[in-house]
Amino acid sequence: MLKILLILSLIVGNIFAEEEVKESKDVFQLDEIVVTGSRTEKLIREEPANISIISKEKIESGHFKDVGEAISNLPSVNVDKYGTLGSSQSVLLRGISSKGTLVLLNGVPLNGSYSGDVDLSSLPLDNIERIEVLRGPASSLYGANAVGGAINIITKNKVERPKINLSGSYGTFNTSDLKFSFENKFNDLSLNLGGSYKHTDGERVNSKYDAYNLNGVFAHNFSNLNNIKINFGGFKSELGTPGTESAPSTDTKQRTERIYSLIEDELNINEDMNLKFKLFGARNILNYYTSYGDTLGDEKNLDFETYYNYNLGGINTLVLGAKYRYDVLEQSDIGNKNATTKSIYLQDTLDLLGSWIFTGSVRYDNHSAYGNSINPSLSLIYNIIDNVQIKAGIGTSFKAPTFADLYWPYQDLGMYGIYEGNPNIAPEKSTSYDIGISYELENFLFIKETYFRNDMKDMIEWAQVDPNDLNSKWTPSNVGKAFTYGLESELKIAPFSNLTGYITHIWLFSKDEGLDKELPYRPKNKVNLGIEYDIFGQKLNVDCEYYDKRFTNKYNTRALPNFIKTNVQLTSKILDNLTLTLKVENVENVPYQLRYGYPMPGRTFNVGANFSF
C-alpha cells in the first residue's frame, strides 16, 4: 500500500508543478438521471436510495470484461470470482449474499428460480447505456431477492449520430476479446446493435472459455405521446470448470445459452402523466457435463408489468404498478416445476420545495409456492444547505426460497447423507435501515458517509433433522438469524480538469446469531482507490484494491489472508477515431484468492485497439 501511495503522491506532485488550474469537468454524476430507486426519472441527488452509476463512457474506456468487473470498485460491492475470464462470479452488496442481490435488465429481474442468483460473468457489456447499483432494501419496488440492493443494467436506446465501432484486445493466457457496435437512425426509428466474441485458454488446466453474444435495441418514437423499445439478445458460452486446487477436475464442462426479448411501451398521456408496459420473455439453458453424470437445466421466464406515473406540479409523484411473472423449469435433478407471482405496488413522493423529500412505498407479492409477502419502505432526504444533504431510509425485504430448496427430490448419497427439499419453507425476511450525510463542493469535491444495518430472520439453512443421528436426513428450514452493519465511505476529488481521484471504503461487521460466528466471505475492510490522469490525449488509470481477511466457512476455522492488488491502464489516442490501450492487472503479481481453493491469476497483460467511424 505504501508503494501505491508514493506513486500517487509523485503523480499528483508532478501535476501541481506542471499544470495550471483549469475548470473542473463533471465527474460526480450528481446531475445524472437515474430510474432504479423510484421507477421514475430523477436526478441522483433526489433519489431516495443510495445509487452509484457506471456510465457508458466508463464502460467503454475501462475495457472491462463483464458486468462484475465493471462494478467491483463501487462502495459496498464485493465481487467474488472463481478464476480467469468466464469463471463464475457472485456479488455481495452490504454483506448480503448474491441470492439476496437482485440483478435487473431495464428493471426486469434476471435472477433464476432454480439457483436464486445470477452469474455476472455471463452478462456482457455490449450495448449498455449505464449500470445503476442501488444499495439497500428494494423489495418494496421490485419484490423478491432485493435485500442487499439491486443492479440495474440499462441498455442503449438513443442514437445521436450514425456510428460504427470496432475493438479488439489480446493478452495473457491467449485471451482475446472482439467487439462491434452499430448505431443508426432512420427518421423516427433508431437501432443499436452490438456483439462480441471472447476466448481464453485460462490459467489452469480445463479453464478454456469461448463466448458469443449479440444484442440490440429498436426504438420508435411514433409521436411525443408514444415510445416503443424492443430489446433482444442471445448469449452462448462453453467453459471448462477446473474445480478447487485440492480436488481438480480435468473434464467438467459448463454450457450456457440465453435468449431474451423485452418490449417496452410508454404512453405519455400528458406532461404530468404516463403509462408504461413491459413484456419480457427469456430462455436460459445451463448444463454441466461431468464424468460421473450430467446436470441439465432449461428455464423459461415470462414477465408482464404495467405502471402508472403521475407528477403533480413537481410536488407530489405517484407510481402505481402491477406485475405477473411465470417461471417454468425443466431440470434433471428436480424434474419439471413451475410457479407464478402476482404483485402490486405503490410509491408516493412528496417534495417540499426541495428541502424535504419524503418517499413511501409498499408492495404485495403472491407466489404460488411460498405464499404472500408485504414489504414497505420509507425514506427521507433533507437538504440542509445547497451542498449538504442527509439521506435516511428504513424498509423490509425478502429472499425467496429457490426451486432447489422447495423441490429437491429424496436422494440417498450413502456416506454423504440423505437430502430432500422442503415445500413448506417460507421466504427469508430482513429489516434494513441506513442514514448518511454527503457534502459536495461544486465540481471539485464529493464526500459521503453512510451507516447501514440489516437484520435477517427465518434464514433458509440446510441441516439434519436430528443432529444427533448421523444418518438423519438433510433438509432446508427457516431457522437462521443474522445481521450485518457497517460504514460506507466515499470520496471523489477533481483538483484539475485532467486529474480525478476516488477512494471508497466499507467497514463491515456480520454475524450468524445461531453460531455466534462471522458470516463467511465478508471482509471487515475493503478499500478501493484510484486516479485518472489525462494529458494531450494520453490517459493513465491506476486502481488499487484492498481486501481484509475473510473467513471461508461458517465455523470461522479457515480464512483467506488480506491482500492488495493494483491495476494500471494506459490509453493513447492516436487519431480522432483510433485509440490504443495497454492494461496490466495485478501489477505486483500478488497471489490471492476470492474463493477458497480457486487461485486468481498473477500479473497479466492486455493490449487493445478501438476504431470508430
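Rule-based calculations on the coordinates, nothing more; no lab input. Treat the numbers as computed from the prediction; the structure is a model and nothing was measured. Here Cβ is always computed from backbone atoms with ideal geometry, including for glycine, and neighbour counts include all displayed protein chains.
Some points to look at:
- Aspartates and glutamates with Cα under 12 Å of Lys524, excluding same-chain neighbours fewer than 8 positions away: Glu488, Asp548
- Relative contact order for the chain, counting Cα pairs under 8 Å that sit 6 or more residues apart, in percent: 11 percent
- Think of the chain as having a plus end and a minus end, set by charges on the Cβ of Lys, Arg, Asp and Glu; of Asn184, Val362, Met459, Met459 sits farthest toward the positive end of this dipole.
- Value of relative contact order over segment 175-310, rounded to a whole percent, pairs C-alpha under 8 Å and six or more apart: 16 percent
- Flagged links, alpha-carbon separation over 21 Å, of Lys156/Lys278; Lys81/Lys526; Lys429/Lys473: Lys429/Lys473
- Segment Glu442-Glu330, length gained on full extension (0.36 nm per residue, minus Cα span): 34.8 nm
- 14 Å beta-carbon shell around Leu312, net charge (K/R +1, D/E -1): -4
- Förster radius 35 Å - calculated FRET efficiency between Asp31 and Asp576, Cβ distance, rounded to 0.05: 0.80
- Fewest-first sequence of Tyr326, Tyr533 by Cβ atoms within 10 Å of each Cβ: Tyr326, Tyr533
- Peptides ranked, highest mean first, by Cβ atoms within 10 Å: ranges 567-576, 506-515: 506-515, 567-576
- Proximal charge balance of Tyr502 [Cβ under 13 Å; K/R count +1, D/E count -1]: -1
- Sum of side-chain charges, Lys208 neighbourhood, beta-carbon under 11 Å (Lys, Arg +1; Asp, Glu -1): -2
- Exposure proxy for Leu110, Leu279, Leu92, Leu352: other Cβ atoms within 10 Å of each Cβ, ordered fewest to most, give Leu352, Leu279, Leu110, Leu92.
- Spacing of the modelled spin labels on Lys163 and Gln538, each 7 Å from Cα toward Cβ, amounts to 2.6 nm.
- Within the chain: Cβ-based charge dipole about Cα centre, in debye rounded to nearest 20 (Lys, Arg +1; Asp, Glu -1): 600 debye
- Between segment 31-57 and segment 198-233, the alpha-carbon center distance in angstrom: 23 Å
- Gain on full stretching of the segment that runs from Trp474 to Leu352 - 0.36 nm per residue minus C-alpha separation: 38.5 nm
- Counted over segment 154-209, the DSSP beta bridges are approximately 100% antiparallel.
- Ordering of 556-562, 417-423 by packing is 417-423, 556-562, highest average first (other Cβ atoms within 10 Å, averaged per residue).
- Exposure proxy ranking, count of Cβ atoms within 10 Å, fewest first, for Tyr410, Tyr308: Tyr410, Tyr308
- Under 15 Å from the Cα of Lys56 - aspartates and glutamates, other chains or at least 8 residues apart: Asp26, Glu32, Asp66, Glu69, Asp126, Glu129, Glu132, Glu160, Glu183
- Per-peptide average of other Cβ atoms within 10 Å, ordering 247-259, 113-125 highest first: 113-125, 247-259
- Calculated Kirkwood radius over Cα pairs in Å (choose from (i) 26.5; (ii) 35.7; (iii) 25.4), label: (iii)
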